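What follows draws every value from the coordinates through simple rules; no lab data is involved. From a predicted model like this one, the values you see are computed outputs, not experimental measurements. Virtual Cβ from ideal backbone geometry, glycine too; neighbours counted across all protein chains shown.
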Amino acid sequence: MRKKRIKKVLVANRGEVATRIIRACKELGIRTVAIYSEADHNGIWVKKADESYMIPGDPVKAYLNFYKIVDLARQTRCDAIHPGYGFLSENADFARYCQKRGIIFIGPKPEHIELFGDKIKSKIAMREVGVPVLPGTDEPIIDIEKAKKVAKEIGFPVIIKAAYGGGGRGMRIVEKEEDFEELFRSATSEAEKFFGKGDVFIEKYVKNPRHIEIQIMADKYGNVIHLGERDCSIQRRHQKVVEIAPSPRLNEEVRRELFRVAVKSMFKLGYESVGTLEFLVDEEDNFYFIEMNTRLQVEHTVTETVTGVDLVQRMIDIAEGKKLPFLQEDISFRGYAIEFRINAEDPEKGFAPSPGRITSYYSPGGPGVRIDAAVYKDYIIPPYYDSMIAKLTVWALTWDRTVKRARRALDEFQVRGVPTNLPLLRQIVRDKDFMEGRFDTGYIDKKLPKFKLKPEEGDPEDLATVIAAAIAAYHRL
């Protein structure tokens, strides 16, 4: 297979992931081109790249217009494009257009993006290669009467999921038959709004599962390895909030079997690049495949931390046609890592997004602390994008030490000017069940009514406010 050295990469994304990709490229001696919308002209990644170009017009469409992005890559003599996550990262048409125009797409083959972008086709494909899947429909459903009949056959509770989307949109849990019609209409309407298609599929709903995902890496020569698991059970509205590697309470036999089916299935399907297989593990330790993400994950930092493998750089190597530089037995796992998503959202208003100006910003540091962010003091958070403004990843040799380090780091982390979910995260790391590794996907729903999300006197938030006021008074004097 002919290898092509990548010398220049266009980063088709924004924010912290754009910064992350630029840093990986710099270490490899690869030049970078950044893109940005009019709303993002002050973005850190815009300054860190070797070249930056604004795409005018709608601030969201700027990152979705792949014709314009690929044409810009050609004009700036880029060899490749890295899509990051979100936006165009799982768009098969984008990957094909890159190939058509002679640009390397740093990611999987378009046919795999397409396969795993269709939840029903991917479920059938995984079942055929021996991976357990949830009982449910094999075809998209839009007719309510047919859907009701299928739900009765599966048995309640069931879950309705958008067939052509993700991120919790177009998803409803139906506990009782009498609630089915209303929730079905709600799910199909939301799916139509966000993904352009109202088609859904119906599956058996697993109560109190753990959400476990397996990170895999595969080259163009049939070599496939895993980089361990991540526990992403701590979620709110089906959106991940805290991610952990490895899972602190996963049965060792289940862990080994998850690794086996993940590697075997990707080998059989001829997958290339990095990817993540997501599973639900029920209370009896049965596991079921739910979806595959054919891209870099937000939570890739915890895997990098416990393995020492740079996932972005390995994606670039694979895209160049290089073989994996290690075998499965060369991968070692050391300690525990936890990633916290820092979101600009207001806990007192149902965690509604809270764009605005950051008036002060202090990030934590010290041993075992990693920050991935693209914000700073006086940065204005635009209202057009995801509310995540930073990621905090902590590491230590034991679970107990990692939790204690997380407490210290979260207490150091200060963001002023906009509400954030930091008070929630500080409560989580002080919760007994979390400290003992006992959590499932219903954890936040159960705990939220008991958590104190408003700072009181003596809290880190309150103390920082007092210090800021004292400094301001000093300068006035």
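For the chain, relative contact order (Cα pairs under 8 Å, six or more residues apart, normalised by length) works out to 13 percent. In this structure, the residue pairs whose Cα-Cα separation is over 31 Å, taken from K61/K450; K123/K149; K26/K68, are K61/K450.
Estimated at 0.36 nm per residue, the fully extended path between D118 and R101 surpasses their Cα-Cα distance by 3.6 nm. Which entries of K152/K264; K47/K100; K391/K447 show an alpha-carbon separation above 26 angstrom in the structure shown? From the list (K152/K264; K47/K100; K391/K447), the Cα-Cα distance tops 26 Å for K152/K264; K47/K100. What's the Kirkwood radius of the stretch 84-139 in Å, using all Cα pairs? Answer for the stretch 84-139: a Kirkwood hydrodynamic radius of 12.6 Å. Eigen-decomposition of the gyration tensor built on the alpha-carbon atoms of the stretch 230-377 gives equivalent ellipsoid semi-axes of 30, 21, 16 angstrom, largest listed first. Calculated on C-alpha atoms, the gyration radius of the stretch 135-204 divided by its Kirkwood radius gives an Rg/Rh of 0.92. For the pair K454 and R127, the difference between a 0.36 nm per residue extended length and the Cα-Cα distance amounts to 113.1 nm. Mean separation of Cα pairs under 8 Å and 6 or more residues apart, divided by the residue count, gives the stretch 8-106 a relative contact order of 30 percent. Put one equal scatterer on each alpha carbon of the stretch 1-84, apply the Debye formula with no solvent term, and list log10 I(q)/I(0) at q = 0.17, 0.25 1/Å to two decimals. Debye output, listed in q order: -0.60, -1.25. Estimated translational diffusion coefficient (Stokes-Einstein, Kirkwood radius over Cα pairs, 10 °C, 1.306 mPa s) of the stretch 341-399: 124 µm² per second. In this structure, the amide hydrogen of G228, modeled 1.01 Å from its nitrogen in the peptide plane, lies closer than 5 angstrom to those of Q215, counting only residues at least 5 positions away or on a different chain.
Estimated from helical segments only, the mean residue ellipticity of the chain at 222 nm is -10500 deg cm²/dmol, where each DSSP H run of four or more residues counts as -39500 (n - 2.57). Over the C-alpha trace of the stretch 105-175, radius of gyration and Dmax come out as 13.8, 44 angstrom.
Work out the FRET efficiency for E181 and E257 from their Cβ-Cβ distance, taking R0 = 45 Å, and round it to the nearest 0.05. That gives a FRET efficiency of 0.70. Judged by the mean number of other Cβ atoms found within 10 Å, the most tightly packed of the peptides 442-450, 239-247 leads the ranking 239-247, 442-450.
Using only the C-alpha atoms, the convex hull of the stretch 210-462 corresponds to 134 Å³ per residue.
For I104, the residues whose amide H sits under 5 Å from its own are A80, I81, ignoring neighbours fewer than 5 places away on the same chain, with H placed 1.01 Å from N. Considering all C-alpha pairs of the stretch 46-136, those separated by over 19 Å amount to 50%. Scaled to the globular estimate 2.2 N^0.38 Å, the Cα spread of the stretch 168-321, given as radius of gyration, is 1.15.
Karplus-derived 3J(HN,Hα) values for the stretch 10-22, using 6.51 cos²θ - 1.76 cosθ + 1.60 with θ = phi - 60°, are 8, 9, 8, 6, 9, x, 5, 6, 4, 4, 4, 5, 4 Hz; glycine and proline are entered as x. Here the 3J(HN,Hα) profile of the stretch 293-300, calculated from phi with Karplus coefficients 6.51, -1.76 and 1.60 at θ = phi - 60°, is 9, 8, 7, 5, 9, 3, 8, 4 Hz, Gly and Pro shown as x. Each Cα pair under 8 Å and six or more residues apart adds its sequence gap; the mean of these over the residue count of the stretch 71-220 is a relative contact order of 19 percent.
Length available on full extension from L64 to I173: 0.36 nm per residue minus the Cα-Cα distance, which gives 36.2 nm. When each of M266, M217 is scored by the number of other beta-carbon atoms lying within 10 Å, the sequence from fewest to most is M266, M217.
Kirkwood radius for the chain, taken over all pairs of different Cα atoms as the inverse mean of 1/r, rounds to 23.4 Å.
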